[in-house]
Structures are given as C-alpha cells and as structure tokens.
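As structure tokens, the structure follows; a few thoughts come after it.
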Amino acid sequence: MFAPANGALRQLLPAVLALAGTAASFGVTATPSHAAATYYSVTLASPLDAPKRFMNGDTPWACAGSECTAPRDTSRAAVVCARLVKKVGPIARFATPEGELAADDLTKCNAGK
C-alpha cells in the first residue's frame, strides 16, 4: 500500500528541493547589498562642473553638484575625507550615519592631514 506513495515521493523530492534552492538563491541575489548602501555624505565647498563617478581606493564615489556619496570604507572617516579632498577639492561637510566630522578634523582633512 505504501509502495506507490513512496515511489511518488522519491520522484517529487528532488524537484521540491531544486525549487526550494532556486527560490532561496533568488532571494539572496534580489536583496540589495548592505555594502552598497550610502554611508558617507559629503558637501563640497565648491560644486563640480559636471557629475563625477570615480574610485577612491576601493570605494566608489558618486558626486553631482556639491554633493558626494559613497558606501562604507574600512578606513577611519578622517582618512577617507583626506583621500577625497585630493580628488574633489575642499570639503564643507563630511558625515556618516554616526554623525559629522568635527570642525577641527574637517580642517585637518582639507589641509591634507
């Protein structure tokens, strides 16, 4: 009595597992990467002439007008700021979700320190 049902289960099990694996892989690939989320929010002292996208180390930056954004880097905010100044010029405001760079740190950043 159980033989036909058992045979049917044996045939269905691989298909069910394949379907579950496919659904799980779509869920993983459709979820936005946390690393790509905006972490740094920067206001430049002078706006750029045209939008600019560039890599600064391993960090991709996007700038338009006087605003620049990027995902989180592994360096301290002051270091990231100093690297950015070399690419885009003086910075008026440098912020992360934890808060803004202190005024004295921003001065050092703009001085290239």
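The values are calculated or read from the model by the stated rules, or taken from the named source; none is laboratory data. Fair warning: this is a prediction, and the values are worked out from it, not measured in the lab. Don't worry about glycine lacking a Cβ; one is built from the backbone with ideal geometry, like all the others, and counts go over all protein chains shown. Heavy atoms of the whole protein, side chains included, go into the accessibility calculation; ligands, DNA and RNA do not. Shrake-Rupley method; radii C 1.70, N 1.55, O 1.52, S 1.80 Å.
Annotations
- Checked against (1) at pLDDT 90 or above; (2) open to solvent by less than 80 Å² (accessible area, probe 1.4 Å); (3) out of contact with any His (no Cβ under 9 Å at 6 or more places or on another chain); (4) at negative phi, Gly65 passes all but condition (4).
- Selection count, region 92-113, where residues are touching a strand residue (DSSP E or B) at 6+ places or on another chain (Cβ under 8 Å) and closer than 21 Å to Ala37 by Cα: 6
- Region 41-53 residues that are more than 20 Å from Glu100 (Cβ to Cβ), paired with ones that are open to solvent by 40 Å² or more (accessible area, probe 1.4 Å) and not in a loop (DSSP other than H, G, I, E, B) (beta carbon under 6 Å, 6 or more apart): Pro51/Ala64
- Just one residue in the set Ser75, Ser41, Ser33 is out of contact with any Asp or Glu (no Cβ under 8 Å at 6 or more places or on another chain), at pLDDT 65 or above and open to solvent by 30 Å² or more (accessible area, probe 1.4 Å); that residue is Ser75.
- Test: residue in region 89-96 that is open to solvent by 50 Å² or more (accessible area, probe 1.4 Å), among the aliphatic types (A, V, I, L, M) and either touching a Gly at 6+ places or on another chain (Cβ under 8 Å) or in contact (Cβ under 8 Å) with a residue 12 or more places away in the chain (or both): yes
- Those strands (runs of 3 or more DSSP E) of region 59-113 in which 3 or more residues are touching a helix residue (DSSP H, G or I) at 6+ places or on another chain (Cβ under 9 Å) occupy 59-64, 91-96.
- Every test in (1) more than 20 Å from Gly112 (Cβ to Cβ); (2) open to solvent by 80 Å² or more (accessible area, probe 1.4 Å); (3) part of a strand (DSSP E or B) is passed by Met55 save one, and that test is (1).
- All positions within region 73-87 that are of a type in the set (D, E, K, R) and either on the phi > 0 side of the Ramachandran plot or under 18 Å from the mean Cα position of the chain (by Cα) (or both): Asp73, Arg76, Arg83
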